[in-house]
1. Yes or no: residue 130 within 10 Å of the chain's Cα centre (by Cα) and not acidic (Asp, Glu)?
2. Of the residues 56, 45, which single one is of a type in the set (Asp, Glu) and touching a helix residue (DSSP H, G or I) at 6+ places or on another chain (Cβ under 8 Å)?
3. Run residue 145 past the list (1) aromatic (Phe, Trp, Tyr); (2) under 16 Å from residue 115 (Cα atoms); (3) at pLDDT below 90 and report the number of the one that doesn't hold.
4. Does residue 136 meet the test of being of a type in the set (S, T, N, Q), within 30 Å of residue 51 (Cα to Cα) and surrounded by fewer than 13 Cβ atoms within 10 Å (Cβ to Cβ)?
5. Give just the number: which of (1) surrounded by fewer than 20 Cβ atoms within 10 Å (Cβ to Cβ); (2) over 12 Å from the mean Cα position of the chain (by Cα) does residue 101 not satisfy?
6. In this structure, does residue 171 turn out to be aliphatic (A, V, I, L, M), closer than 30 Å to residue 101 by Cα and surrounded by fewer than 20 Cβ atoms within 10 Å (Cβ to Cβ)?
7. Do we have any residue at all in region 102-119 that's part of a helix (DSSP H, G or I) and among the aromatic types (Phe, Trp, Tyr)?
8. Which of the helices (runs of 4 or more DSSP H) found entirely inside region 1-94 contain at least 3 residues meeting this: loosely packed, with under 13 Cβ neighbours inside 10 Å?
Amino acid sequence: MNFISIELFNTPKIKVDNRLIVFPFKKAEALFYYVAVKKQATRDELVNIIWGEADEETARKNLRQAIYTIKKAFDIDILITPNRSLVMINPDIEIHIDALSFLENKGEEALELYKGEFLQGFSVKDSELYEEWLLSQRESYRDYYIKRLTETAGIAFKSGDYAKAETYGRILLAADTYNEAACRMLMKAYALEGHHGKAIETYHRMEES
């Protein structure tokens with residue numbers, strides 16, 4: 001039984017057990033990330049979002065080649081096509097995807113999964129719709145990360161755990177530099193802990209920003 005790990009935060013990385021998966025061309029890689037996140041997609045959808053600039057015959061040929069390339073790279077049927085119109089992740093294979101675990105897990109450990117923006121540095125030439133999808137995903141995950149950080153820091157502050165509030169407050173300000181509410185909470189936590197110098201320093205950093 002193979003264990004597949006897919007890291008989509010920061011520079012993407014895929015491993016089957018300890019073997020790193022490398023795709024021979026960018027659009028096959030783009031296809032796999034898209035289906036991995038959505039779990040399934042129609043052939044029409046994939047053709048449109050990745051090969052929208054090509055004529056239909058060429059685009060569908062490229063799609064078939066990309067699916068074959070992905071299966072060959074994994075050496076297992078990671079993608080299945082249960083009918084002529086659908087492409088999906090094989091539900092019988094154990095897969096861990098950090099981005100999906102981040103959304104599903106409500107504990108503090110989920111925050112550790114967000115190690116950078118979604119598919120950081122990844123792009124696909126001549127695929128405008130795919131680039132738009134990438135941007136929307138990055139913004140969505142980042143917004144959710146900031147929301148979770150805000151909640152975690154706020155709960156810690158209200159419960160009197162100022163050390164934890166400071167920790168998550170600093171992470172929050174690093175992710176959202178102009179967040180004045182986070183700055184005020186962090187300053188209060190420092191002050192209540194007797195760290196007045198840090199509170200003043202935090203104020204001046206926000207003032208400069």
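The values are calculated or read from the model by the stated rules, or taken from the named source; none is laboratory data. Bear in mind that the values here come from a model prediction, so they are computed numbers and not experimental data. In this analysis, Cβ positions are derived from the backbone assuming ideal geometry, glycine residues included, and neighbour counts consider all displayed protein chains.
1. On the way: within 10 Å of the chain's Cα centre (by Cα): no; not acidic (Asp, Glu): yes.
Judged against the criteria, residue 130 is not a match.
2. Values: 45 fails: touching a helix residue (DSSP H, G or I) at 6+ places or on another chain (Cβ under 8 Å).
Result of the check over 56, 45: 56.
3. Every listed condition holds for residue 145 apart from (3).
4. Values: of a type in the set (S, T, N, Q): yes; within 30 Å of residue 51 (Cα to Cα): yes; surrounded by fewer than 13 Cβ atoms within 10 Å (Cβ to Cβ): yes.
When the stated conditions are applied, residue 136 passes them.
5. It fails just one condition, (2).
6. Numbers: aliphatic (A, V, I, L, M): yes; closer than 30 Å to residue 101 by Cα: yes; surrounded by fewer than 20 Cβ atoms within 10 Å (Cβ to Cβ): yes.
So residue 171 passes the test.
7. Step one: of region 102-119, the residues part of a helix (DSSP H, G or I) are 102-104, 108-113.
Imposing the further condition that a residue be among the aromatic types (Phe, Trp, Tyr) reduces the set to 102.
Checking region 102-119: at least one residue is part of a helix (DSSP H, G or I) and among the aromatic types (Phe, Trp, Tyr).
8. Numbers: elements: 26-38, 43-51, 56-74.
Here the list reads 56-74.
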